[in-house]
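Undergrad: Quick one: this structure, given as structure tokens, is what I'll be asking you about.
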Amino acid sequence: DMSRVWYVDPAVIRRTQEWLVAGQEPDGSWIPTEGGIAEGAIDRFQNDVLRTTAYVLTGLTTSGYAGAAIASGTGFVKAQLAQTDFPSETYTLALCAHALLRDVNDPLLPGLFQEFERRKSEDGERVWWEEKAPTITGSRGQGAAVELTALLAQAYLRYGGYPDTTTKALDFLAASKDGHGNFGSTQATVQALKAFALAAGGITTPTDATVRI
């Protein structure tokens, strides 16, 4: 992400990708270990292989990696989602959606987004998702809700469906910004800004609007 706005030695990105790929298991998964990967999984999700695998896959795909590890990891995620009920943690499910969105025609995606629709909260003008469990960066409460909603807003934008939900989720994020310009935590702020940037980049038709300053 940083390399899009500031110079980053491509070798650093390549070495990071290679380090992640080297930690992949034969079945395509990534298992949290005592070093590195486990640093972001110090809570009760220490042994959550599905969550960790989806998280690493998302990092690899968004960084432009396209090696065999992607297909292997995606196959693991798809097998887990097909064999069991959807995870109760919506945050884990959101990471799985991002991992699968490399192919927007993946047959599992319609069911995932229908599940997101069932789990959403709505007050008429805004949509958000709540998570009682901590996120992978340890956020809870409002910070977790913003981080999760931002992740799902990005997923909805990438998927291209449910425009009403997408718009209301972005409205929730906009309303969550405090007077200092952040959204409750570093990770929530980053993900919210990424959602807004993705939404702005997707506007391709003329729009009537009233701007008040």
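Undergrad: Which value in nm describes the separation of the simple spin-label points at Ile13 and Asp208, placed 7 Å from the Cα toward the beta carbon?
TA: Placing both labels 7 Å beyond Cα along the Cβ direction yields 4.2 nm.
Undergrad: Taking only Cα atoms, what is the 0 to 90° angle, nearest 10, from helix 163-175's long axis to the longest principal axis of the chain?
TA: Once rounded, one gets 80 degrees.
Undergrad: In terms of the Cα gyration tensor, with a ≥ b ≥ c the square roots of its eigenvalues, is region 131-202 rounded because a/c is under 1.5, prolate because a/b exceeds b/c, or oblate?
TA: prolate
Undergrad: In what sequence, largest accessible area first, do Lys132, Lys194, Lys168 appear using a 1.4 Å probe?
TA: Sorted by accessible area, descending: Lys132, Lys194, Lys168.
Undergrad: Between 0 and 90 degrees, rounded to the nearest ten: what's the tilt of helix 10-22 against the longest Cα principal axis of the chain?
TA: 60 degrees
Undergrad: A follow-up question, please. How would Tyr65, Tyr7 rank on accessible area, largest to smallest, probe 1.4 Å?
TA: Descending order: Tyr7, Tyr65.
Undergrad: Something else: How do Trp30, Trp19 stack up against each other in accessible area, from largest to smallest, with a 1.4 angstrom probe?
TA: Descending accessible area places them as Trp19, Trp30.
Undergrad: How large is the convex hull of the C-alpha atoms of region 87-159 per residue, in Å³?
TA: Convex hull of Cα atoms, per residue: 87 Å³.
Undergrad: Against the globular-protein guess of 2.2 N^0.38 Å, express the Cα radius of gyration of the chain as a ratio, rounded to two decimals.
TA: 1.03
Undergrad: Further question on the same structure: Tell me the mean residue ellipticity at 222 nm calculated for the chain from its helices only (DSSP H runs of n ≥ 4, each -39500 (n - 2.57), averaged over every residue, nearest 500).
TA: Helix contribution divided over all residues of the chain: -17000 deg cm²/dmol.
Undergrad: Which whole-Hz couplings ³J(HN,Hα) result when phi for each residue of region 74-82 is put into the Karplus expression 6.51 cos²θ - 1.76 cosθ + 1.60, θ = phi - 60°, listed in order with x for Gly and Pro?
TA: 4, x, 5, 4, 5, 5, 5, 5, 7
Undergrad: Rounded to the nearest 20 Debye, what is the dipole magnitude of the chain about its Cα centre when Lys and Arg each give +1 and Asp and Glu each give -1 at the C-beta?
TA: Approximately 340 debye in magnitude.
Undergrad: Subtract the Cα-Cα distance of Trp6 and Ala68 from 0.36 nm times their separation in residues, and report this length gain in nm to one decimal.
TA: Answer, rounded to one decimal: 19.5 nm.
Undergrad: How big is the accessible area of Arg158 in square angstrom, nearest 10, if you roll a 1.4 angstrom probe over the protein chains?
TA: Its accessible surface works out to 90 Å², give or take rounding.
Undergrad: Between their Cα atoms, which of Lys168/Lys194; Lys78/Lys194; Lys132/Lys177 are more than 24 Å away from each other?
TA: Too far apart for the 24 Å limit: Lys78/Lys194.
The values are calculated or read from the model by the stated rules, or taken from the named source; none is laboratory data. These numbers were taken from a predicted model, which means no experiment stands behind them. Please note: Cβ atoms are built from the backbone with ideal geometry, for glycine as well, and neighbour counts cover all protein chains shown. Just the protein is used for accessible areas: all its heavy atoms, side chains included, with ligands, DNA and RNA removed. Shrake-Rupley method; radii C 1.70, N 1.55, O 1.52, S 1.80 Å.
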